[in-house]
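The values are calculated or read from the model by the stated rules, or taken from the named source; none is laboratory data. None of the values given here were measured: they were computed from a predicted structure. Cβ placement follows ideal geometry from the backbone for every residue including glycine, while neighbour counts extend to all protein chains displayed.
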Amino acid sequence: MIHEKACNVTMDQVIAALKRRDAEERIPVLRLELDYELATLYDALQENDKVQIRKSTERLKQLSREMLLLEA
């Protein structure tokens, strides 16, 4: 006789597990993007390129917010 166990895993738990795995894969890529954007900002500061400084600053804010959400 085969006894089946009831499945106690909810859909929310499955989604949370998938998001964790996605986050684990995204964090290293995000770090590389942050490094690249910091280098871009440094170059823009050296050249006094106000447009690029603004773009890089905004992109860094976006990346920073994403990193905070993923690490939470």
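Of all residues in the range 43-53, those being assigned to a helix (DSSP H, G or I) and loosely packed, with under 12 Cβ neighbours inside 10 Å number 4. Of the residues making up the range 23-42, those that are modelled with pLDDT of 95 or more and either hydrophobic (A, V, I, L, M, F, W, C) or not in a helix (DSSP H, G or I) (or both) are LEU32, LEU34, LEU38, ALA39, LEU41.
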